[in-house]
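For reference, the structure is listed below as C-alpha coordinates.
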Amino acid sequence: MQKFLCLLATICFLCWGTNVQAQLKVVASIFPMAEFCRTVGGDLVQVKQMVPDGTEPHDYEPSPKDLAEINQAQILVYNGLIETWVQSVLQTSPNLYSVEAGKSLFLIDGKTDPHVWISPKLAMQQVTKISKAFIKADPAHKQEYTANTQKYLADLAQLDKEFAQLQHLSNRHFFATNHSAFAHLAKDYNLTMLAVMGLSPEAEPTPGDLQKVIQTIQKNNLRYIFFETLASPKLAELVAQETGAQAAVLDPIEGVTAERKASYLDLQKQNLAALQKEFAQ
Ligand SMILES: [Zn+2]
(Lines give C-alpha, C1' and ligand atoms only; values in the text may rest on other atoms or scores of the structure.)
Protein backbone atom coordinates (compact mmCIF):
# COMPACT_ATOMS: atom_id res chain seq x y z
CA MET A 1 0.00 0.00 0.00
CA GLN A 2 2.78 2.44 0.95
CA LYS A 3 4.67 1.62 -2.28
CA PHE A 4 1.49 2.32 -4.26
CA LEU A 5 0.95 5.71 -2.52
CA CYS A 6 4.58 6.71 -3.22
CA LEU A 7 4.18 5.77 -6.86
CA LEU A 8 0.93 7.78 -7.05
CA ALA A 9 2.58 10.81 -5.40
CA THR A 10 5.49 10.62 -7.85
CA ILE A 11 3.16 10.47 -10.88
CA CYS A 12 1.14 13.46 -9.58
CA PHE A 13 4.31 15.46 -8.94
CA LEU A 14 5.65 14.73 -12.42
CA CYS A 15 2.35 15.79 -14.02
CA TRP A 16 2.21 18.99 -11.95
CA GLY A 17 5.92 19.70 -12.58
CA THR A 18 5.60 19.34 -16.34
CA ASN A 19 2.41 21.40 -16.51
CA VAL A 20 3.80 24.46 -14.59
CA GLN A 21 7.07 24.28 -16.47
CA ALA A 22 5.28 24.30 -19.81
CA GLN A 23 3.66 27.68 -19.16
CA LEU A 24 5.24 30.43 -21.22
CA LYS A 25 6.58 33.16 -18.95
CA VAL A 26 5.38 36.49 -20.33
CA VAL A 27 6.02 40.00 -19.02
CA ALA A 28 3.56 42.56 -20.37
CA SER A 29 4.09 46.26 -19.81
CA ILE A 30 0.64 47.85 -19.36
CA PHE A 31 -2.91 46.58 -18.69
CA PRO A 32 -4.12 46.28 -22.32
CA MET A 33 -0.99 44.36 -23.33
CA ALA A 34 -1.39 42.01 -20.34
CA GLU A 35 -5.07 41.56 -21.17
CA PHE A 36 -4.31 40.64 -24.80
CA CYS A 37 -1.58 38.21 -23.65
CA ARG A 38 -3.85 36.52 -21.10
CA THR A 39 -6.60 36.12 -23.70
CA VAL A 40 -4.37 34.75 -26.48
CA GLY A 41 -2.39 32.52 -24.11
CA GLY A 42 -5.08 31.24 -21.73
CA ASP A 43 -3.72 28.54 -19.36
CA LEU A 44 -0.58 28.12 -21.47
CA VAL A 45 0.95 31.37 -20.28
CA GLN A 46 1.90 33.04 -17.03
CA VAL A 47 1.52 36.79 -17.51
CA LYS A 48 3.15 39.36 -15.24
CA GLN A 49 1.79 42.91 -15.74
CA MET A 50 4.58 45.40 -15.06
CA VAL A 51 2.63 48.61 -14.44
CA PRO A 52 0.50 47.84 -11.38
CA ASP A 53 -3.24 48.59 -11.39
CA GLY A 54 -3.99 52.17 -10.40
CA THR A 55 -0.57 53.42 -11.59
CA GLU A 56 -0.29 56.06 -14.34
CA PRO A 57 1.68 54.21 -17.11
CA HIS A 58 3.22 57.42 -18.50
CA ASP A 59 5.08 57.96 -15.21
CA TYR A 60 5.99 54.35 -14.39
CA GLU A 61 9.63 53.27 -13.88
CA PRO A 62 10.50 49.59 -13.11
CA SER A 63 12.04 48.76 -9.70
CA PRO A 64 15.11 46.49 -9.42
CA LYS A 65 12.69 43.68 -8.46
CA ASP A 66 10.66 44.35 -11.62
CA LEU A 67 13.82 44.26 -13.71
CA ALA A 68 14.77 40.91 -12.17
CA GLU A 69 11.32 39.56 -13.11
CA ILE A 70 11.73 40.78 -16.68
CA ASN A 71 15.00 38.85 -16.86
CA GLN A 72 13.18 35.66 -15.83
CA ALA A 73 10.65 36.02 -18.63
CA GLN A 74 10.71 34.30 -22.03
CA ILE A 75 8.85 37.12 -23.79
CA LEU A 76 8.44 40.84 -23.10
CA VAL A 77 5.30 42.30 -24.69
CA TYR A 78 5.05 46.09 -24.75
CA ASN A 79 3.01 48.67 -26.66
CA GLY A 80 5.81 51.06 -27.60
CA LEU A 81 6.29 54.82 -27.11
CA ILE A 82 4.48 54.92 -23.75
CA GLU A 83 7.04 52.70 -21.93
CA THR A 84 10.05 55.02 -21.77
CA TRP A 85 11.97 52.40 -19.76
CA VAL A 86 11.88 49.59 -22.33
CA GLN A 87 14.93 50.54 -24.40
CA SER A 88 17.25 50.40 -21.40
CA VAL A 89 15.77 47.00 -20.44
CA LEU A 90 16.34 45.62 -23.94
CA GLN A 91 19.92 46.89 -23.91
CA THR A 92 20.65 45.05 -20.65
CA SER A 93 18.81 41.87 -21.75
CA PRO A 94 19.84 41.40 -25.39
CA ASN A 95 18.59 37.79 -25.47
CA LEU A 96 15.12 38.59 -24.24
CA TYR A 97 12.54 37.96 -26.97
CA SER A 98 10.44 41.14 -27.16
CA VAL A 99 7.34 42.23 -29.10
CA GLU A 100 6.47 45.89 -29.71
CA ALA A 101 2.76 45.35 -30.31
CA GLY A 102 2.13 48.93 -31.40
CA LYS A 103 4.99 49.11 -33.90
CA SER A 104 4.02 50.88 -37.17
CA LEU A 105 0.56 51.73 -35.75
CA PHE A 106 1.31 55.02 -33.93
CA LEU A 107 1.10 57.51 -36.79
CA ILE A 108 -2.05 59.62 -36.96
CA ASP A 109 -2.41 62.83 -38.98
CA GLY A 110 1.36 63.14 -39.22
CA LYS A 111 1.92 62.76 -35.47
CA THR A 112 2.66 59.71 -33.30
CA ASP A 113 0.16 58.72 -30.59
CA PRO A 114 0.90 55.69 -28.39
CA HIS A 115 -2.75 54.93 -27.46
CA VAL A 116 -3.32 52.47 -30.30
CA TRP A 117 -5.13 49.80 -28.20
CA ILE A 118 -8.06 52.21 -27.74
CA SER A 119 -8.98 51.55 -31.39
CA PRO A 120 -10.58 48.07 -31.74
CA LYS A 121 -9.19 47.85 -35.29
CA LEU A 122 -5.63 48.51 -34.14
CA ALA A 123 -6.10 46.29 -31.07
CA MET A 124 -6.83 43.43 -33.48
CA GLN A 125 -3.46 44.01 -35.15
CA GLN A 126 -1.75 44.04 -31.75
CA VAL A 127 -3.45 40.77 -30.76
CA THR A 128 -2.32 39.16 -34.03
CA LYS A 129 1.29 40.22 -33.39
CA ILE A 130 1.18 38.79 -29.87
CA SER A 131 -0.31 35.54 -31.15
CA LYS A 132 2.47 35.15 -33.75
CA ALA A 133 5.07 35.72 -31.03
CA PHE A 134 3.56 33.08 -28.73
CA ILE A 135 3.45 30.57 -31.58
CA LYS A 136 7.10 31.34 -32.42
CA ALA A 137 8.16 30.91 -28.78
CA ASP A 138 6.00 27.84 -28.15
CA PRO A 139 5.17 26.13 -31.50
CA ALA A 140 3.90 22.98 -29.75
CA HIS A 141 0.76 24.91 -28.76
CA LYS A 142 0.17 26.63 -32.11
CA GLN A 143 -3.34 25.20 -32.34
CA GLU A 144 -4.43 26.50 -28.94
CA TYR A 145 -3.01 30.01 -29.50
CA THR A 146 -4.62 30.17 -32.93
CA ALA A 147 -8.02 29.10 -31.57
CA ASN A 148 -7.86 31.64 -28.69
CA THR A 149 -6.79 34.37 -31.12
CA GLN A 150 -9.55 33.63 -33.61
CA LYS A 151 -12.16 33.80 -30.87
CA TYR A 152 -10.79 37.10 -29.49
CA LEU A 153 -10.50 38.65 -32.98
CA ALA A 154 -14.17 37.79 -33.54
CA ASP A 155 -15.08 39.56 -30.26
CA LEU A 156 -13.00 42.62 -31.28
CA ALA A 157 -14.55 42.64 -34.76
CA GLN A 158 -18.00 42.66 -33.15
CA LEU A 159 -16.91 45.57 -30.92
CA ASP A 160 -15.62 47.41 -34.00
CA LYS A 161 -18.99 46.88 -35.70
CA GLU A 162 -20.83 48.35 -32.69
CA PHE A 163 -18.52 51.41 -32.55
CA ALA A 164 -18.93 51.87 -36.30
CA GLN A 165 -22.63 52.65 -35.72
CA LEU A 166 -21.52 55.96 -34.20
CA GLN A 167 -20.48 57.21 -37.65
CA HIS A 168 -24.11 57.51 -38.72
CA LEU A 169 -24.98 59.97 -35.97
CA SER A 170 -25.06 63.65 -36.92
CA ASN A 171 -23.51 64.90 -33.67
CA ARG A 172 -20.14 63.22 -32.98
CA HIS A 173 -18.30 65.76 -30.80
CA PHE A 174 -16.95 64.77 -27.43
CA PHE A 175 -14.67 66.37 -24.82
CA ALA A 176 -12.10 64.49 -22.78
CA THR A 177 -10.35 66.45 -20.02
CA ASN A 178 -7.24 64.78 -18.86
CA HIS A 179 -5.02 63.73 -21.78
CA SER A 180 -6.03 63.24 -25.36
CA ALA A 181 -5.84 59.44 -25.55
CA PHE A 182 -8.71 58.88 -27.99
CA ALA A 183 -7.29 60.14 -31.29
CA HIS A 184 -7.08 56.68 -32.89
CA LEU A 185 -10.63 55.84 -31.83
CA ALA A 186 -11.95 59.21 -33.07
CA LYS A 187 -10.21 58.71 -36.41
CA ASP A 188 -11.58 55.19 -36.94
CA TYR A 189 -15.20 56.25 -36.43
CA ASN A 190 -15.04 59.84 -37.71
CA LEU A 191 -15.62 61.39 -34.29
CA THR A 192 -14.42 64.85 -33.22
CA MET A 193 -12.40 64.80 -30.03
CA LEU A 194 -12.38 68.26 -28.48
CA ALA A 195 -9.55 68.99 -26.10
CA VAL A 196 -7.98 72.05 -24.55
CA MET A 197 -4.25 71.99 -25.25
CA GLY A 198 -1.74 72.12 -22.45
CA LEU A 199 -4.02 70.67 -19.82
CA SER A 200 -1.85 68.41 -17.67
CA PRO A 201 -3.65 65.45 -16.04
CA GLU A 202 -1.99 66.12 -12.72
CA ALA A 203 -1.65 69.94 -12.54
CA GLU A 204 -4.29 72.12 -10.86
CA PRO A 205 -6.45 73.64 -13.63
CA THR A 206 -5.84 77.42 -13.96
CA PRO A 207 -8.78 79.84 -14.21
CA GLY A 208 -7.82 80.26 -17.86
CA ASP A 209 -8.02 76.48 -18.43
CA LEU A 210 -11.40 76.42 -16.79
CA GLN A 211 -12.71 79.22 -19.01
CA LYS A 212 -11.45 77.56 -22.18
CA VAL A 213 -13.10 74.24 -21.25
CA ILE A 214 -16.39 75.90 -20.29
CA GLN A 215 -16.47 77.78 -23.60
CA THR A 216 -15.76 74.56 -25.54
CA ILE A 217 -18.55 72.71 -23.73
CA GLN A 218 -21.08 75.50 -24.22
CA LYS A 219 -20.13 76.25 -27.85
CA ASN A 220 -20.63 72.60 -28.81
CA ASN A 221 -23.66 71.97 -26.61
CA LEU A 222 -21.97 69.02 -25.01
CA ARG A 223 -23.86 67.01 -22.40
CA TYR A 224 -20.86 65.32 -20.86
CA ILE A 225 -17.36 66.24 -19.80
CA PHE A 226 -15.35 63.07 -19.81
CA PHE A 227 -12.52 62.30 -17.42
CA GLU A 228 -10.39 59.22 -16.89
CA THR A 229 -10.10 56.98 -13.86
CA LEU A 230 -6.34 57.32 -13.34
CA ALA A 231 -6.40 61.12 -13.11
CA SER A 232 -8.17 63.70 -10.99
CA PRO A 233 -11.84 64.33 -11.86
CA LYS A 234 -11.44 67.83 -10.39
CA LEU A 235 -11.54 69.80 -13.62
CA ALA A 236 -14.48 67.78 -14.95
CA GLU A 237 -16.44 68.36 -11.75
CA LEU A 238 -15.70 72.10 -11.74
CA VAL A 239 -16.84 72.44 -15.34
CA ALA A 240 -19.92 70.34 -14.66
CA GLN A 241 -20.94 72.77 -11.91
CA GLU A 242 -20.47 75.76 -14.25
CA THR A 243 -22.13 74.36 -17.36
CA GLY A 244 -24.71 71.83 -16.24
CA ALA A 245 -22.88 69.21 -18.31
CA GLN A 246 -22.36 65.93 -16.47
CA ALA A 247 -18.92 64.64 -15.48
CA ALA A 248 -18.55 61.05 -16.70
CA VAL A 249 -15.82 58.48 -17.30
CA LEU A 250 -14.35 57.82 -20.73
CA ASP A 251 -11.61 55.31 -20.10
CA PRO A 252 -8.38 55.31 -22.15
CA ILE A 253 -7.91 51.76 -20.75
CA GLU A 254 -4.21 52.26 -20.21
CA GLY A 255 -4.52 51.07 -16.61
CA VAL A 256 -7.37 49.88 -14.39
CA THR A 257 -8.09 50.65 -10.77
CA ALA A 258 -9.13 48.14 -8.10
CA GLU A 259 -12.64 49.67 -8.15
CA ARG A 260 -12.93 49.51 -11.92
CA LYS A 261 -11.30 46.16 -12.65
CA ALA A 262 -12.93 44.86 -15.81
CA SER A 263 -11.92 43.30 -19.11
CA TYR A 264 -10.79 45.35 -22.10
CA LEU A 265 -13.99 44.40 -23.91
CA ASP A 266 -16.21 45.43 -20.99
CA LEU A 267 -14.41 48.76 -20.55
CA GLN A 268 -14.75 49.48 -24.28
CA LYS A 269 -18.47 48.69 -24.12
CA GLN A 270 -18.77 51.20 -21.27
CA ASN A 271 -16.91 53.76 -23.43
CA LEU A 272 -19.29 53.07 -26.31
CA ALA A 273 -22.32 53.55 -24.05
CA ALA A 274 -20.87 56.85 -22.74
CA LEU A 275 -20.31 58.17 -26.29
CA GLN A 276 -23.78 57.02 -27.40
CA LYS A 277 -25.26 59.08 -24.55
CA GLU A 278 -23.26 62.14 -25.62
CA PHE A 279 -24.21 61.76 -29.30
CA ALA A 280 -27.88 60.84 -28.70
CA GLN A 281 -30.28 63.18 -30.58
ZN1 LIG B 1 -1.93 57.97 -22.06
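Looking at Ala186, is it crowded, with 17+ Cβ neighbours inside 10 Å, of a type in the set (Gly, Ala, Ser) and at pLDDT 95 or above? When the stated conditions are applied, Ala186 passes them. Could you tell me which residue of the range 114-154 is surrounded by the most Cβ atoms within 10 Å (Cβ to Cβ), considering only residues that are touching a residue at least 12 places away in the same chain (Cβ under 8 Å) and among the β-branched types (Val, Ile, Thr)? Out of the qualifying residues, it is Val116.
Does any residue of the range 249-261 turn out to be part of a loop (DSSP other than H, G, I, E, B), at pLDDT 90 or above, open to solvent by less than 40 Å² (accessible area, probe 1.4 Å) and charged (D, E, K, R)? The answer is yes, given that some residue of the range 249-261 is part of a loop (DSSP other than H, G, I, E, B), at pLDDT 90 or above, open to solvent by less than 40 Å² (accessible area, probe 1.4 Å) and charged (D, E, K, R). On the basis of being more than 16 Å from the ligand (Cβ to nearest atom), touching a Gly at 6+ places or on another chain (Cβ under 9 Å) and within 25 Å of Pro57 (Cα to Cα), does Phe106 make the cut? Here the answer is no, as Phe106 does not meet what is asked.
Being open to solvent by 10 Å² or more (accessible area, probe 1.4 Å) and within 26 Å of Ile118 (Cα to Cα) is the filter here, so list the residues in the range 53-65 that pass it. Hits for the range 53-65 are Asp53, Gly54, Thr55, Glu56, His58, Asp59, Tyr60, Glu61, Pro62.
Any residue at all in the range 126-138 that's closer than 19 Å to Ala28 by Cα, assigned to a helix (DSSP H, G or I) and within 16 Å of the ligand (Cβ to nearest atom)? Looking through the range 126-138, at least one residue is closer than 19 Å to Ala28 by Cα, assigned to a helix (DSSP H, G or I) and within 16 Å of the ligand (Cβ to nearest atom). Kindly indicate whether any position in the range 93-100 is open to solvent by less than 50 Å² (accessible area, probe 1.4 Å) and aliphatic (A, V, I, L, M). Yes: one or more hits. Kindly establish whether Ser119 is within 16 Å of the ligand (Cβ to nearest atom) and of a type in the set (Ser, Thr, Tyr). Criteria met by Ser119. One residue stands out in the range 37-69 among those that are more than 18 Å from the chain's Cα centre (by Cα) and among the acidic types (Asp, Glu): the one that is farthest from the ligand (Cβ to nearest atom), namely Asp43. Sort out which residues of the range 155-179 are closer than 15 Å to Arg223 by Cβ and crowded, with 21+ Cβ neighbours inside 10 Å, and write them in order of number. Across the range 155-179, the qualifying residues are Phe174, Phe175, Ala176, Thr177. Taking the criterion of being within 16 Å of the ligand (Cβ to nearest atom), buried (at least 20 other Cβ atoms within 10 Å of the Cβ) and of a type in the set (A, V, I, L, M), the only residue of the range 70-85 that qualifies is Ile82.
Looking across the range 21-44, the residues that are open to solvent by less than 10 Å² (accessible area, probe 1.4 Å), touching a strand residue (DSSP E or B) at 6+ places or on another chain (Cβ under 7 Å) and either not aromatic (Phe, Trp, Tyr) or not in a helix (DSSP H, G or I) (or both) come down to Leu24, Val26, Val27, Ala28, Ser29, Met33, Ala34, Cys37, Gly41.
The values are calculated or read from the model by the stated rules, or taken from the named source; none is laboratory data. Computed from a predicted model, the values in this text were never measured in an experiment. Heads up, the Cβs are rebuilt from the backbone with ideal geometry, glycines too, and the neighbour counts pull from every protein chain shown. Please note that ligands, DNA and RNA were not included when accessible areas were found on the heavy atoms of the full protein model with its side chains. Shrake-Rupley method; radii C 1.70, N 1.55, O 1.52, S 1.80 Å.
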